[in-house]
1. Does S77 meet the test of being of a type in the set (S, T, Y) and at pLDDT below 95?
2. Pull up the stretch 261-284, narrow it to residues that are surrounded by fewer than 16 Cβ atoms within 10 Å (Cβ to Cβ) and part of a helix (DSSP H, G or I), then point me to the one that is modelled with the highest pLDDT.
3. So is R258 modelled with pLDDT under 95, charged (D, E, K, R), loosely packed, with under 15 Cβ neighbours inside 10 Å and within 30 Å of D62 (Cβ to Cβ) or not?
4. List the pairs whose first member sits in the stretch 197-220 and is touching a residue at least 24 places away in the same chain (Cβ under 8 Å) and within 20 Å of P280 (Cβ to Cβ), whose second member is among the basic types (K, R) and surrounded by fewer than 21 Cβ atoms within 10 Å (Cβ to Cβ), and whose Cβ atoms are under 7 Å apart, counting only residues at least 6 apart or on separate chains?
5. For the stretch 71-103, how many residues are open to solvent by 30 Å² or more (accessible area, probe 1.4 Å) and among the acidic types (D, E)?
6. Suppose we filter the stretch 285-311 for residues that are modelled with pLDDT under 95 and either under 13 Å from the mean Cα position of the chain (by Cα) or not acidic (D, E) (or both); how many remain?
7. Applying the selection to the stretch 56-79, what residues are touching a helix residue (DSSP H, G or I) at 6+ places or on another chain (Cβ under 6 Å) and either among the basic types (K, R) or not in a loop (DSSP other than H, G, I, E, B) (or both)?
8. Quick check on my filter: what residues within the stretch 12-70 are small (G, A, S), crowded, with 18+ Cβ neighbours inside 10 Å and modelled with pLDDT of 95 or more?
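The values are calculated or read from the model by the stated rules, or taken from the named source; none is laboratory data. Remember, predicted model here, so these are calculated numbers, not experimental data. Cβ atoms come from the backbone with ideal geometry, glycine included; neighbour counts cover every protein chain shown. Calculation scope for accessible area: heavy atoms of the full protein, side chains included, ligands and nucleic acids excluded. Shrake-Rupley method; radii C 1.70, N 1.55, O 1.52, S 1.80 Å.
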Amino acid sequence: MTNVRRRPWLAAAGAVALSVALPVRAQAPLPVVTSFSILADLVRQVGGERVQVRALVGPQADAHAYHPTPADVRAVSAARLLVANGLGFEGWLERLMRSAGYRGELLRVTDGLTPLPAAGAGKRDAVHAHGHDHDDGEHDPHAWQDVRNVLHYVQRIEQALCRLDAGGCAGYRQRAADYRARLQALDDEIRAAWQAIPAAQRKVVTSHDAFRYYAQAYGVTFLPAQGVSTASEPSAAAVARLIRHIKAEGVRAVFVERLSDPRLVERIAREAGVRPSRQPLYSDALSTPEGPAPDYIALMRHNTRVLTEAIRGAGG
């Protein structure tokens, strides 16, 4: 039997070939949980493929009426970043974090903003004060309805992702910068749309008080049939006052948010002699992917388009 000696260079070549053949293990996406669908979109815009995002309250779902599921508790427990709006919007969040034993970072994107006071805070307004179910009654939490506030949200998300994933920070910063440019263009677009409508005609009735930031930013008057929560119900006297106000002010644009029961607004419109819009507004949640508001920018464009079209149609 011939004794074949193994050449060292063959052994080395085999080791190199083996090392080349082994796949490089990619970094697992950063697990992020957001309180509701709008924040999930913002995190995806900044995080891209380096994040895996789950929204506790998904598209066309109501954060005011949310009840955690066992799957939600597991998702929060496994997350490294939990993104919430803050300002009392998620009254259920602290209980959920305790149930999940959450030990990751909690990011409240409204921290650092100057919030608007809640409708009726400090005084009772004849049209607006109908109560709410948020855990912080001093501030209106719907800050995302002003695009300039979402610029702040995006900066906070970028900073949090960079803290947790330094290797992806350059990408997060670039994606955030690109998205902020799109948001600035959106803000300019909304302002231009309203500039074409006389200020005296910018009056709208909605089914709850979720648009006060939009109103202040873009010069529109919103008269809500409910308080800041979709769970609150106005009194009969408040409804009667609102109907009288609609008639006195000549309001012609009446809308229902996608999450609201339309019967109240339909009754108010009928008694005020106004036809409600057939196109809903999206206030606290995105639409499904095939709907008109599958992401934040699309949501703001949709709301602005249907609002301005309704007012121009009524005026013409």
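1. Working: of a type in the set (S, T, Y): yes; at pLDDT below 95: no.
Spelling it out, it is not the case that S77 is of a type in the set (S, T, Y) and at pLDDT below 95.
2. Among them, the one singled out is E271.
3. Numbers: modelled with pLDDT under 95: yes; charged (D, E, K, R): yes; loosely packed, with under 15 Cβ neighbours inside 10 Å: no; within 30 Å of D62 (Cβ to Cβ): yes.
In short, no.
4. Between residues of the stretch 197-220 that are touching a residue at least 24 places away in the same chain (Cβ under 8 Å) and within 20 Å of P280 (Cβ to Cβ) and residues that are among the basic types (K, R) and surrounded by fewer than 21 Cβ atoms within 10 Å (Cβ to Cβ), the close pairs are Y218/R191; V220/R202.
5. Result for the stretch 71-103: 1.
6. Step one: filter the stretch 285-311 for residues modelled with pLDDT under 95, giving 306-311.
Retained after the next criterion (residues that are either under 13 Å from the mean Cα position of the chain (by Cα) or not acidic (D, E) (or both)): 306-308, 310-311.
The qualifying residues number 5.
7. The first filter runs over the stretch 56-79 and keeps only residues touching a helix residue (DSSP H, G or I) at 6+ places or on another chain (Cβ under 6 Å), leaving 56-59, 68, 73, 76-77.
If the condition is that a residue be touching a helix residue (DSSP H, G or I) at 6+ places or on another chain (Cβ under 6 Å) and either among the basic types (K, R) or not in a loop (DSSP other than H, G, I, E, B) (or both), then L56, V57, V73, V76, S77 are the ones that fit.
8. S35, S37, A40, G47, A55
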